[in-house]
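Colleague: One structure is given below, represented as structure tokens, and several questions about it will come after.
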Amino acid sequence: MAASDPIADMLAKVQNAAKVNHEKVDVPTSKMKLEIVKILKTEGFIKNFKKVQDDNGHSIIRIFLKYDDVNKSVIHGMKKISTPGRRVYSGYKDLPRVYNGFGTLIVSTSTGVTTGKKASEKQVGGELICSVW
């Protein structure tokens, strides 16, 4: 059965794999998921990722998780903000801060998917996708 919210499904898979110290996690590919994973990489929440084919020929994103010196996950939490039933939008002046600046807000703007800080710098608002800390 297809997930009704594929992005929330991806976030849950990553968070659950990080809690049990898995080295990697595979998620189905979409353009939005790929952009979110790129942001997680640039913000330092994951080691790396790559796009691969599974046994059935479907494209998947393999995400390599990152841990600190005492083998604790760098990702402490992930929360989906917009859902299919409730979209949340914000102007650039009203973008929320995640854990007083220690987390990252991921926003879908008219210029593409970006972090909350970059959206504020570009002075563009948009749909609040998720927050990661």
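The values are calculated or read from the model by the stated rules, or taken from the named source; none is laboratory data. Please read these numbers as outputs of a predicted model, since none were measured by experiment. Neighbour counts run over all protein chains shown; Cβ positions are idealised from the backbone, glycine included. Accessible surface areas use protein heavy atoms only, side chains included; no ligands, DNA or RNA. Shrake-Rupley method; radii C 1.70, N 1.55, O 1.52, S 1.80 Å.
Colleague: Out of the residues in the range 110-132 meeting the condition of being among the hydroxyl-bearing types (Ser, Thr, Tyr) and over 15 Å from the mean Cα position of the chain (by Cα), tell me which one is most open to solvent (accessible area, probe 1.4 Å).
Modeller: Ranking the qualifying residues of the range 110-132, first place goes to Ser110.
Colleague: Okay, next question. Determine if the range 47-55 includes at least one residue that is modelled with pLDDT under 95 and open to solvent by 70 Å² or more (accessible area, probe 1.4 Å).
Modeller: Yes, the range 47-55 contains at least one residue that is modelled with pLDDT under 95 and open to solvent by 70 Å² or more (accessible area, probe 1.4 Å).
Colleague: Same structure, new question: Between a residue in the range 14-26 that is over 24 Å from Gln53 (Cβ atoms) and any residue that is open to solvent by 80 Å² or more (accessible area, probe 1.4 Å) and assigned to a loop (DSSP other than H, G, I, E, B), which pairs come within a Cβ distance under 7 Å, given they are 6 or more apart or on different chains?
Modeller: Listed pairs, sorted by first residue: Asn21/Asn71.
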